[in-house]
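Notes for the one structure printed next.
Bear in mind these aren't lab numbers, they're just calculated from the coordinates by the rules spelled out. Predicted model only: the values in this text are computed from it and were never measured. Ideal geometry is used to build each Cβ from the backbone, glycine not excepted, and the neighbour counts take in all protein chains shown.
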Amino acid sequence: MSSTNHKSAAAADTTPVLPLQGLLVLDFSQFLAGPSAGLRLADLGADVIKIERPDGGDLSRQLYVSNLELDGDSTLFHTINRNKRSFAANLKDAADREEIWKLIAQADVLIQNFRPGIMDRLGFDCDSVRKANPRLVYASITGYGSEGPWRDKPGQDLLVQSLSGLTWLNGNADHGPTPVGVAVADIFTGAHLVQGILAALVRRGITGQGGRVDASLLESTLDFQFELISTYLNGDGTPPQRSEIGSASAYLSAPYGVYATADGYIAIAMNPVERLGELLGCDALLEYGDRTRWFSERDVIKNILWKHLRQQSTAYWLAILEPADIWCADVLSWPRLIEHEGFKALNMVQEVFTGSGAKLVTTRCPIRIDGHILTSRKGAPKIGEDTAAIRAQFHTQENQ
C-alpha cells in the first residue's frame, strides 16, 4: 500500500503508518460482500490473504457484470480483490487444512461468508478457530442471519433488495418495484462488517481477547432504510407513496426530486416552494406558502415544476438557483462526471497491475489518513499466486 497527497510532493514524503499495518487477515469469502470488507482492510494496511480453491478459486472470478475480462478473470473480481494475496487450499484435504491452521494461529481476523453450517462442517467454525487463537476476530456474513425461515435462502443482492422492501422506494409511482442499480446490499454489508471488525480489534487492544462479528445482507439493507422504516413504524400504517413524477423520496414533500430540462435534468432538494416560484418566474407556485400543502399536494406541485423547467436548459436554471443558495444540482452521466473538474480534484482514480502486468483502472479507497489519500498499485492475484511465498513467510515465523 502506498499513500499520496495531491496537494504537494513534500506532503507525500511524510507517508503515514497505515492504521492496520502488521495485521493479518484471512479472507475465505467469495463474491462481493465479504471480499469488499477484505478490500477495505487491505486499503487500510492489513495483509489480506484470500484462501481459494485450487480449482476455480473465488466464484466471482467468473461472475461478469459486462463482457469485460482482464488476465483471464472478470473485471468485477479484479475490482473487489485488488491489493490482496492468494493462497490456494482445498479445505477438505488434510495437508491443506494443516497449512490453514498454521495461518489461523498467526492471524488477527478471519472473514467468511459461506451459508450457515458450512464452516462448521469443515471444522473451521468460530469456536474451534478461536480455541486455537483466542486473539482472533472471527467475522461472518450471511444472507439473512443464522436463524429463521430464510437462513438457507441464497444471499444474493437483488433477492435481498426485493425482500427488504427497498425496491418499493425507487422510481415513479407507476414504475412498479425498482431495484437500486448497484449491489447496495453487498457493499453496505461489507462496510458494516468492517465496522464490527475494527470495534472488536479495539476491544482486543484492551482485553487481549478477540471475538465474533456477524452481519447479514438483509439486516444491512434494513439498516440502510432506517430513516424511512422508522417513519413508517411511527406513522398510521400507511405505506410510503412514491411521486407520480420526478420521484426521489417516497416520503419527502415537494419539490424534492429530479426534473427534466430542455437539454438534460436538474435535481432539486428541500427548498421553499414559493421561493422557487419567485426565482424561476413560475407564478403558479407562489400560492404554496403553506408547508402542509407541500405534502398533501406534492404531485400537483411537482407537475407544475416539471412543465416549467422544461422550457430552459439545466445551465440556465442553475445560474439562477445556485447564487440564491437553492439546493440543486446538475444530473451527470459518468462520461460528464469523469470530465468534470470537481471529480478530477478528488483524485478518485488509480491504476493497479496484476503480477503479469495487466492494468486495471479503478477507484481508490475513499478514506484519507493524516490528510493522505490511499492507493496501491497491486492488482488482484491469480489463484494461488502467493501460496509458496506465504508458506515460506509464516513457516519461518512459526519456527522462530
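What tally of residues in segment 137-161 results from selecting those that are of a type in the set (Asp, Glu) and under 18 Å from Val184 (Cα atoms)? It would help to see each step written out before you state the result.
Of the residues in segment 137-161, the ones of a type in the set (Asp, Glu) are 147, 152, 157.
Checking which are under 18 Å from Val184 (Cα atoms) leaves us with 157.
Number satisfying all stated conditions: 1.
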(request) Within segment 289-307, identify whether any single residue is in contact with a strand residue (DSSP E or B) (Cβ under 8 Å, 6 or more places away or on another chain), aliphatic (A, V, I, L, M) and either assigned to a loop (DSSP other than H, G, I, E, B) or in contact (Cβ under 8 Å) with a residue 12 or more places away in the chain (or both), and answer yes or no. (result) yes
(request) Filter segment 267-308 down to residues that are out of contact with any helix residue (DSSP H, G or I) (no Cβ under 6 Å at 6 or more places or on another chain) and of a type in the set (Phe, Trp, Tyr) and give me whichever is nearest to Ala324 (Cα to Cα). (result) Trp306
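Show me the helices (runs of 4 or more DSSP H) found entirely inside segment 13-129 where at least 2 residues are surrounded by fewer than 24 Cβ atoms within 10 Å (Cβ to Cβ), among the polar types (S, T, N, Q) and in contact with a helix residue (DSSP H, G or I) (Cβ under 8 Å, 6 or more places away or on another chain).
Numbers: elements: 33-43, 75-80, 94-106, 118-122.
Helices (runs of 4 or more DSSP H) meeting the threshold: none at all.
Filter segment 222-250 down to residues that are out of contact with any strand residue (DSSP E or B) (no Cβ under 7 Å at 6 or more places or on another chain), surrounded by 15 or more Cβ atoms within 10 Å (Cβ to Cβ) and not polar (S, T, N, Q), then give me how many there are. Reasoning before the result, please.
Going through segment 222-250, the residues out of contact with any strand residue (DSSP E or B) (no Cβ under 7 Å at 6 or more places or on another chain) turn out to be 222-242, 244-245, 249-250.
Cutting the leftovers down to surrounded by 15 or more Cβ atoms within 10 Å (Cβ to Cβ) gives us 222, 224-225, 228-229, 232, 240, 242, 244-245, 249-250.
After this cut, where a residue has to be not polar (S, T, N, Q) as well, the list is 222, 224, 228-229, 232, 240, 242, 244-245, 250.
Looking only at that region, the number is 10.
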(request) Count, please, the residues in segment 140-163 that happen to be buried (at least 22 other Cβ atoms within 10 Å of the Cβ) and not in a loop (DSSP other than H, G, I, E, B). (result) 6
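Is one or more of the residues making up segment 331-340 touching a Phe, Trp or Tyr at 6+ places or on another chain (Cβ under 7 Å) and either surrounded by fewer than 19 Cβ atoms within 10 Å (Cβ to Cβ) or in a helix (DSSP H, G or I) (or both)? Spell out how you get there, then give the answer.
Narrowing segment 331-340 to residues touching a Phe, Trp or Tyr at 6+ places or on another chain (Cβ under 7 Å): 331, 337.
Next, from what is left, pick out any that are either surrounded by fewer than 19 Cβ atoms within 10 Å (Cβ to Cβ) or in a helix (DSSP H, G or I) (or both): 331, 337.
Within segment 331-340, one or more residues are touching a Phe, Trp or Tyr at 6+ places or on another chain (Cβ under 7 Å) and either surrounded by fewer than 19 Cβ atoms within 10 Å (Cβ to Cβ) or in a helix (DSSP H, G or I) (or both).
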(request) Please report, ordered by residue number, the strands (runs of 3 or more DSSP E) entirely within segment 349-400 with at least 2 residues that are surrounded by fewer than 14 Cβ atoms within 10 Å (Cβ to Cβ). (result) 349-353, 359-363
